[in-house]
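K.L.:
Sharing a structure here in structure tokens format.
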Amino acid sequence: MVHAADEPHHTRDTRDDASRLGARLLGRVDELGVALANTVRDRVEFYRDSALVSPEALRTSCIAHLKYVFLALSGDTTLELSAAEATGRHRAELGVPLPEVLAAYRVGLRRIWDLVGAEANATGVSKKVLQDITSHAVVAHDLFAQAAATAFHAEMNQQILDQEQRRIALLDALLVGHVTEQQTLWETADLVGLPTIGPYVVIAAHVADVGTPALPRVAERLSSRGIQSAWLLRHDFHIGVAALRESTHHDHLIAVLSQFASSPVGVSPPYNELAKTAEALRLARIASLSATTGSRVVVFDEAPLAVAAVSAPEVMTLLAQRILGPLDSMHGVDRNTLLDTLIAWVDAGGSTTGAATSLYLHPNTVRQRLNKVEKLTARSLTNPSDIAEIRLALEIVKRLPTPAPR
């Protein structure tokens, strides 16, 4: 331990002179704080032109700033930064930009430098000791300004968190149909980042891992295409509402979803009133259920058979069983062969040659298999009504689990 008697002479001089200088400045701190507030208003345009920070609030914060530095010089060991933190929070609450807050503190530092120098000259403090005292004052200033900046950031982060929680709550209420009044709908649209006029669509993407977005950075990617959207991550679906204001927006939306989707995605029909968002979500979820590995993104309006196949699972499963059930009499391999041929024929637009090409078979082989399907199902592949029933049954088989052949 170093005792006072053992300290270097200039160290004792610095401590004693700093203490006396700090005490003298503390005696005038209110007067000096008012003068500093006036200087800030003169030199920082924001404080001069904006009414956000009242003259009284600025005077109070300037006095607190100087008082902290002068107390530090006087050797006070009970210093607290609560005043700095209160200033930082207050400025953030008012919406004062951080650069303007820091500009005021730079003015304060310049003023502290001048005050310490003038007081040192008036009391005959040596240049060496003045350098040490000035360094001490700068350190105290930096601590005060940093505490204010840290509190400012903390308050801003809390505001962002509060706003995000409110955004999530309002978007969730919109999606479940709890927001219906026009004024509230407009306020909700503004807060979540949507225009108040449609058309809109709802997107529902299946979530594979709870807590992980099914469509990473989707809002950013859509925004780059000029599409405004709002997104909510639930445990089962990643849900978005997108505004399609331009004629090209729909195609851009589908392109983005198709590029980045790794799980089934459904898109609702367009709608113009935000009050209909809950119904659009229901349709988007139904569309998502009809997605397959080869077609992850399903637009409700563009896939009526696929959507119909999953809209009432229990009924549709029974319907498929009644139409294609007779194929169950075939051996498993033979049954699948007939189904694959039938699907290829439908995908080829009813062309036997097209189906044969895709299956690498002779057209006669395809015809034989299709004849067997007609015989087993008692339906004609030349009758439009029978074809419609078979197409629907095939969509059901592709998208819904069906009972195993007995």
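Here, each number is a calculation from the coordinates, and none is a lab measurement. Keep in mind that what you see is a predicted model, and the values were worked out from it rather than measured. Cβ placement follows ideal geometry from the backbone for every residue including glycine, while neighbour counts extend to all protein chains displayed.
K.L.:
For the chain, find the longest principal axis of its Cα atoms and tell me its angle to the long axis of helix 277-289, 0 to 90°, nearest 10.
P.N.:
Once rounded, one gets 60 degrees.
K.L.:
Taking Cα pairs under 8 Å and at least six residues apart, what relative contact order does region 198-238 come out at, in percent? Provide the component values of the computation, followed by the final result.
P.N.:
Numbers: 39 pairs, mean separation 20.1, N = 41.
It comes to 49 percent, rounded to a whole number.
K.L.:
Working out 0.36 nm times the residue gap between residue 282 and residue 77, then minus their Cα-Cα distance, what length gain in nm do you get to one decimal? Before the final figure, lay out the partial values.
P.N.:
Numbers: separation 205, 0.36 × 205 = 73.80 nm, distance 6.50 nm.
Full extension of this stretch gives 67.3 nm more.
K.L.:
Turning to a different aspect of this structure: For a quick check: sort 176, 116 by the number of other beta carbons within 10 angstrom, fewest at the front.
P.N.:
Values: 176 11, 116 24.
With the sparsest Cβ surroundings first, the list reads 176, 116.
K.L.:
While we're on this one: Simple spin-label model, 7 Å along Cα-to-Cβ: residue 176 to residue 329 in nm?
P.N.:
Using points 7 Å along Cα→Cβ, the separation is 5.2 nm.
K.L.:
Still on this structure, please answer the following. Quick check: the angle from helix 384-399's long axis to the longest principal axis of the chain, C-alpha only, nearest 10 degrees?
P.N.:
40 degrees
K.L.:
I need to check one value: relative contact order of the chain, counting alpha carbon pairs closer than 8 Å and at least 6 residues apart, in percent.
P.N.:
On the way: 550 pairs, mean separation 43.9, N = 406.
Reported as a whole number, the value is 11 percent.
K.L.:
What does the chain give for Rg and for Dmax, in Å, if only its C-alpha atoms count?
P.N.:
37.1, 117
K.L.:
Could you tell me the convex hull volume per residue, in Å³, taken over the Cα atoms of region 16-71? Write down the numbers at each step before the final one.
P.N.:
On the way: hull volume 3.6 nm³, N = 56.
Dividing the Cα hull volume of region 16-71 by its residue count gives 65 Å³.
K.L.:
How far is it, in nm, from the label point at residue 367 to the one at residue 94 when both lie 7 Å from their Cα along the line to the Cβ?
P.N.:
9.0 nm
K.L.:
Another question, if that's okay. Summing +1 for each Lys or Arg and -1 for each Asp or Glu, what net charge is found among the other residues whose Cβ lies under 15 Å from the Cβ of residue 79? If you can, show how the numbers build up before the last one.
P.N.:
Numbers: positive: 67; negative: 76, 80, 85, 142.
The answer is -3.
K.L.:
Work out the length of the dipole vector of region 147-236 about its Cα centre, built from +1 on the beta-carbon of each Lys and Arg and -1 on the beta-carbon of each Asp and Glu, and round it to the nearest 20 debye. Could you put the intermediate results ahead of the total?
P.N.:
Working: 6 positive and 10 negative charges, 66 e Å.
For this selection, approximately 320 debye.
K.L.:
Oh, and also: With only alpha-carbon pairs counted, each pair once and no self-pairs, how large is the Kirkwood hydrodynamic radius of region 4-158 in angstroms?
P.N.:
Numbers: mean 1/r = 0.0625 Å⁻¹.
Answer for region 4-158: a Kirkwood hydrodynamic radius of 16.0 Å.
K.L.:
For residue 127, which aspartates and glutamates qualify as cross-link partners when the Cα separation must be under 18 Å and same-chain residues fewer than eight apart are set aside?
P.N.:
13, 16, 17, 114, 119
K.L.:
To one decimal place, what orientation-averaged projected area in nm² is obtained for the convex hull of the Cα set of region 312-399? Each step should come with its number before you reach the end.
P.N.:
Working: hull surface 21.9 nm².
Orientation-averaged projected area of the Cα hull: 5.5 nm².
K.L.:
Once amide H atoms are placed 1.01 Å from N in the peptide plane, what residues at a sequence separation of 5 or more from residue 237, or on another chain, have their amide H within under 5 Å of its amide H?
P.N.:
207
K.L.:
Got the relative contact order for region 179-251 handy, in percent, Cα pairs under 8 Å and 6 or more residues apart? Provide the component values of the computation, followed by the final result.
P.N.:
Numbers: 105 pairs, mean separation 24.7, N = 73.
Relative CO of region 179-251 lands at 34 percent.
K.L.:
What is the Cα coordinate range of region 185-309 on the first, second and third principal axes, sorted by size from largest, in whole angstrom?
P.N.:
Per principal axis, max minus min of the Cα coordinates gives 37, 30, 25 Å.
K.L.:
Expected output is a single nm value to one decimal: the length gained when fully extending between residue 56 and residue 374, i.e. 0.36 nm times separation in residues minus the C-alpha distance. What is it? Could you put the intermediate results ahead of the total?
P.N.:
Details: separation 318, 0.36 × 318 = 114.48 nm, distance 9.08 nm.
Gain in length upon complete extension: 105.4 nm.
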